[in-house]
Amino acid sequence: RVGLSYDAPVLAGVRPTIGPSAGKANITVTGSNFGTAQEGQEVSVGNSLCSVTTWTSDSSMTCSLPRGALLQRNVSVAVGGQTSTLPGVFNYSSPSCAAICSASGALCNASLPSCGTGPGSSSVPSGYYLLDMDGP
């Protein structure tokens, strides 16, 4: 019985390296050994799957960015059960903020220059939440 083996994918780059927290933007990953057709490849940003929309060649794919948050997210490419990861190369931008509101919804401040990431952050006081213009 003869088994086949393939070289592991090698992830060399990600463009762009920053994207919206709402996702739905495309990113392109480059490298090598991404397979011979658009079939079975997985791209992840952080712990979320980035759906492959275009397989250009064994060295380039484009995917649709998932919703996310935080800076320095790992990007990984998996092909045939083998994975390559670039640590901390992708950053989600801060959400577009409409307001910070009290938990009861009684008080909202819509004149904020920047947004925090959640209760207790530097821009979001404890007991309040961020009303995000980027949608659910």
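The values are calculated or read from the model by the stated rules, or taken from the named source; none is laboratory data. Keep in mind that what you see is a predicted model, and the values were worked out from it rather than measured. Cβ: placed from backbone, ideal geometry, glycine included. Neighbour counts: every protein chain shown. Accessible surface is based on the protein model in full, side chains and every heavy atom, while ligands, DNA and RNA are left aside. Shrake-Rupley method; radii C 1.70, N 1.55, O 1.52, S 1.80 Å.
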Subset tally (residues that are over 14 Å from Val77 (Cβ atoms) and modelled with pLDDT of 95 or more) for segment 19-47: 1
Output for segment 40-77, where each listed residue is out of contact with any strand residue (DSSP E or B) (no Cβ under 8 Å at 6 or more places or on another chain) and more than 14 Å from Val10 (Cβ to Cβ): Asn47, Ser48
If we keep only residues of segment 21-75 that are in contact with a Leu (Cβ under 7 Å, 6 or more places away or on another chain) and within 19 Å of Tyr6 (Cβ to Cβ), then the residue least open to solvent (accessible area, probe 1.4 Å) is Val29
Filter result (assigned to a loop (DSSP other than H, G, I, E, B) and either among the β-branched types (Val, Ile, Thr) or open to solvent by 40 Å² or more (accessible area, probe 1.4 Å) (or both)) within segment 9-20: Pro16, Thr17, Pro20
